[in-house]
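Novice: Below you'll find the structure I mean.
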Amino acid sequence: MTSKLANKNILLIGGTSGIGFAVAKQAFLDGANIIVSSSSKERVDKAVSRLRETDPTRASAVRSHVADLSVRDKLEEAVENLLKYAAEISPIDHIVFTAGNVPQLVPLPEAQFEHVDAFMTVRVFGAMAVGKYAPKYMSVDKSSSITLTTGTQNKKPSFWLPPLVTGALEGLMKGLAVTLSPMRVNAVSPGFILTELLDNLPKEMVQGAIEKHTKASLTKDIGYPEDAAEAYLYLMKDKFVTGSVVATNGGAWLV
């Protein structure tokens with residue numbers, strides 16, 4: 001059976017590691033043409049190499065573009081240049097947005113507006129710019145989709161700042177779904193997923209978090225990128241789903 005993603009042109013913003021890379025890999029194996037993007041040329045080159053190794057016969061179906069979305073004054077230009085590049089050969093069919101930096105979390109009494117801006121620039125304003133320019137470079141019909149990434153903090157917060165960001169993203173997703181119709185816009189809400197981002201944290205902290213989330217999970221395990229990727233793949237394939245959030249979190253909202 002031919003995959004619904006075969007020959008589709010898929011742009012993965014933040015697709016060089018973790019969930020984004022897992023989506024890119026599976027979509028590539030399903031026959032899609034892939035464009036991966038990140039702010040780091042080193043990470044982009046590594047991701048492209050890893051993807052091409054999975055099927056050397058389709059090496060030309062993987063392209064890449066470096067785009068830094070962390071500079072607010074240059075954000076719109078960076079996003080439009082990325083979309084323009086991705087659509088050079090054919091219109092973009094799907095955009096998966098998993099990009100996100102990890103700025104410092106500060107206690108509310110010490111917070112300044114720039115601490116919020118540090119989170120919002122890539123995750124929210126970046127996604128907003130994608131929605132703004134995407135119709136110029138995508139097929140404007142129900143076969144096209146944009147999938148954003150939120151998180152469990154939106155419904156089960158543990159600190160003051162993350163739910164502000166994830167809540168804004170969910171609201172943006174719904175607004176874009178209405179505004180960009182008949183194109184489809186959705187979001188995935190991952191729980192605790194074991195990704196390369198955790199490599200930057202002390203091992204003891206990571207191990208403690210793994211034990212905590214495993215114990216709290218209804219599945220008695222943490223999440224893995226290959227499993228979470230299925231939510232994004234589904235949202236690309238189902239042409240009747242828009243304005244929706246798919247959760248992949250081991251039942252975190254119930255415990």
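The values are calculated or read from the model by the stated rules, or taken from the named source; none is laboratory data. Keep in mind that this is a model prediction, so the values were computed, not measured. For neighbour counting, all protein chains shown are included, and Cβ atoms are generated from backbone atoms with ideal geometry for every residue, glycine included. The protein model used for the area step is the full one, side chains on, heavy atoms only, and it has no ligands, DNA or RNA in it. Shrake-Rupley method; radii C 1.70, N 1.55, O 1.52, S 1.80 Å.
Novice: Per q in 0.08, 0.17 Å⁻¹, report the Debye log10 I(q)/I(0) for the chain, using one uniform scatterer on each alpha carbon and no solvent.
Specialist: Debye intensities relative to I(0), on a log10 scale: -0.29, -1.41.
Novice: Still on this structure: Dipole size in debye (nearest 20) for the stretch 110-255 around its Cα centre, Lys and Arg Cβ +1, Asp and Glu Cβ -1? Walk me through the intermediate numbers first.
Specialist: Numbers: 14 positive and 14 negative charges, 117 e Å.
With only Lys, Arg, Asp and Glu charged at Cβ, the dipole is about 560 debye.
Novice: Which whole-number percent of Cα pairs in the stretch 130-240 have a distance greater than 25 Å? Mind showing how you got there, number by number?
Specialist: Working: 2004 of 6105 pairs.
Value for the stretch 130-240 (Cα pairs over 25 Å): 33 percent.
Novice: Would you mind putting 95-101, 3-9 in packing order, based on average other-beta-carbon counts within 10 Å, highest first? Each step should come with its number before you reach the end.
Specialist: Values: 95-101: 24.6, 3-9: 17.1.
Output ranking for 95-101, 3-9: 95-101, 3-9.
Novice: Suppose every Lys and Arg Cβ carries +1 and every Asp and Glu Cβ carries -1, with no other charges. What dipole size does the chain come out with about its Cα centre, to the nearest 20 debye? Please list the in-between numbers first.
Specialist: Working: 27 positive and 26 negative charges, 114 e Å.
It comes to approximately 540 debye.
Novice: Ok, one more. What do you get for the angle between helix 203-216 and the principal long axis of the chain? Use alpha-carbon atoms, 0 to 90 degrees, nearest ten.
Specialist: 90 degrees
Novice: So, one more: For the stretch 171-217, would you read off the P(r) tail past 13 Å as a percentage of all alpha carbon pairs?
Specialist: Percent of Cα pairs beyond 13 Å in the stretch 171-217: 67.
Novice: Given the rule -39500 (n - 2.57) for each run of at least 4 DSSP H residues, summed and divided by the residues of the chain, what is its mean residue ellipticity at 222 nm, to the nearest 500 deg cm²/dmol?
Specialist: Values: 8 runs with 99 residues, N = 255.
Value at 222 nm, helices only, nearest 500: -12000 deg cm²/dmol.
Novice: Taking the chain as a Gaussian network, Cα atoms linked when under 10 Å apart, which of 242, 150, 219 shows the biggest mean-square fluctuation?
Specialist: Evaluated over the chain, the most mobile residue of the options is 219.
Novice: Using the basic label-point model (7 angstrom from Cα toward the beta carbon), what is the residue 54 to residue 140 distance in nanometres?
Specialist: 3.3 nm
Novice: Here's a follow-up. What does the net charge come to around residue 48 if you take all other residues with beta carbon closer than 12 Å to its beta carbon, with K and R at +1 and D and E at -1? Please list the in-between numbers first.
Specialist: Numbers: positive: 25, 41, 43, 46, 50, 52, 63; negative: 42, 45, 53.
Local net charge: +4.
Novice: Using only alpha-carbon positions, what ratio does the radius of gyration of the stretch 192-255 give when scaled by 2.2 N^0.38 Å? Don't skip to the answer; put the middle values down first.
Specialist: Values: Rg = 14.0 Å, N = 64, 2.2 N^0.38 = 10.7 Å.
Relative to the 2.2 N^0.38 Å estimate, the stretch 192-255 comes out at 1.31.
Novice: Using a 1.4 Å probe, what is the accessible area per residue for the stretch 82-207, in Å²?
Specialist: Working: 6030 Å² over 126 residues.
Averaged over the residues of the stretch 82-207, the accessible area is 48 Å².
Novice: Please label the shape of the stretch 98-140 as rounded, prolate or oblate, based on the square roots a ≥ b ≥ c of the eigenvalues of the alpha-carbon gyration tensor (a/c under 1.5 means rounded; beyond that, a/b larger than b/c means prolate, else oblate).
Specialist: Prolate shape, in that a/c is at least 1.5 and a/b is the bigger ratio.
Novice: Residue 254 to residue 90: FRET efficiency via 1/(1 + (r/R0)^6), r the Cβ-Cβ distance, R0 35 Å, to the nearest 0.05? Kindly include the intermediate steps, with their values, before the conclusion.
Specialist: Numbers: r = 43 Å, r/R0 = 1.22.
The calculated FRET efficiency here is 0.25.
Novice: Could you work out what % of the accessible surface of the stretch 1-159 is carbon and sulfur, using a 1.4 angstrom probe and leaving DNA, RNA and ligands out of the count? Please report the intermediate quantities before stating the final value.
Specialist: On the way: 3950 of 7720 Å².
Exposed carbon and sulfur together represent 51 percent of the surface.
Novice: If each residue of separation counts as 0.36 nm, what is the full-extension length gain between residue 219 and residue 81 once their alpha-carbon separation is subtracted? Show your work: numbers first, answer last.
Specialist: Details: separation 138, 0.36 × 138 = 49.68 nm, distance 4.19 nm.
Stretched fully, the residue 219-residue 81 segment lengthens by 45.5 nm.
Novice: Additional query: Answer with one residue from 116, 164, 250: the one whose Cα lies farthest towards the positive end of the charge dipole of the chain, charges on Cβ with Lys, Arg +1 and Asp, Glu -1.
Specialist: Going by the Cα projections, it comes out as 250.
Novice: Placing +1 at every Lys and Arg Cβ and -1 at every Asp and Glu Cβ, with all other atoms neutral, what dipole size does the stretch 17-160 have around its Cα centre, in debye to the nearest 20? Walk me through the intermediate numbers first.
Specialist: Details: 17 positive and 16 negative charges, 70 e Å.
Dipole of the stretch 17-160, to the nearest 20 debye: 340 debye.
Novice: Please give me, ordered by residue number, the chymotrypsin sites (Phe, Trp or Tyr not before Pro) of the stretch 99-192 that lie in loop per DSSP and have at most 16 other Cβ atoms within 10 Å.
Specialist: Counting only loop positions with at most 16 other Cβ atoms within 10 Å, the chymotrypsin sites (Phe, Trp or Tyr not before Pro) in the stretch 99-192 are 159, 160.
Novice: Given a Förster distance of 25 angstrom, what is the FRET efficiency for residue 70 paired with residue 2, based on the Cβ-Cβ distance and rounded to 0.05? It would help to have the intermediate numbers written out before the result.
Specialist: Values: r = 39 Å, r/R0 = 1.55.
After rounding to 0.05, the efficiency reads 0.05.
Novice: Could you please state, rounded to a whole Å, how far the C-alpha centre of the stretch 87-160 is from the C-alpha centre of the stretch 28-53?
Specialist: Each part reduced to its Cα centre gives a spacing of 20 Å.
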